[in-house]
Amino acid sequence: MNSSKTARDRRRRFDRIVTVFHMDMYRYAAWLSRDKSIAEDVVQEALLRAWKSLDALRDDVAAKQWLLTIVRRENARYFERRRLETVDIDNLTASQSALLAETPNEELDDLREAIYRLDDDYREPLVLQVLMGYSTNEIAQMMGLKQGAVLTRLHRARLKLKRDVADEMAS
């Protein structure tokens, strides 16, 4: 009886945490991988890993950071395991071509492209801060860096974005 109650409590805890942070996990995975389907795979793997190691999460207050750290590591594992396929855009099928015909928002696309062009070392802390709302101290803990290194990377990322966007507007 005790064992089934413990299992139910564990499941409720996991469901409660995942319900709150699932979209953050996906959004972060999408920014890391730059691909929605890869992000879905990464999040699924991260959820499995989180379930297996749920007992390691001592305080639910730290759940978001814990889950996003798992997503970050699963994203790295994904790219270590898989060799990405390339697509010849000159020979797309009709359904693939339709995906390219989405209504463009040039300013948003330019900003996304500028962010994607950033080195991972600069893109990741920027996304964690701006999109996910983490403090520089939290980012430092997640990335295994000192807070000063995070501040430097954020500063350089913003400078590079400013230059890239200004160059795009000038041309």
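The values are calculated or read from the model by the stated rules, or taken from the named source; none is laboratory data. This is a predicted model, so every value here is computed, not measured. For neighbour counting, all protein chains shown are included, and Cβ atoms are generated from backbone atoms with ideal geometry for every residue, glycine included.
General observations
- Checking Leu145 against (1) without any contact (Cβ under 8 Å) to a residue 24 or more places away in the chain; (2) touching an Asp or Glu at 6+ places or on another chain (Cβ under 8 Å), the condition it does not meet: (2)
- Residue among Ser4, Ser33, Ser53 that is surrounded by 11 or more Cβ atoms within 10 Å (Cβ to Cβ), out of contact with any Cys (no Cβ under 8 Å at 6 or more places or on another chain) and farther than 14 Å from Thr69 by Cα: Ser33
- Close pairs (6 angstrom Cβ cut-off, 6 or more residues apart or separate chains): within 30 Å of Arg112 (Cα to Cα) in the range 31-58, among the acidic types (Asp, Glu) anywhere: Val42/Glu74; Glu45/Glu74; Ala46/Glu74
- In this structure, Arg27 does satisfy being at pLDDT 90 or above and not assigned by TED's automatic domain parsing to the domain that holds Gln129.
- Residues satisfying the stated conditions in the range 17-37, i.e. basic (Lys, Arg) and either over 19 Å from Asp120 (Cβ atoms) or outside any helix (DSSP H, G or I) (or both): Arg34
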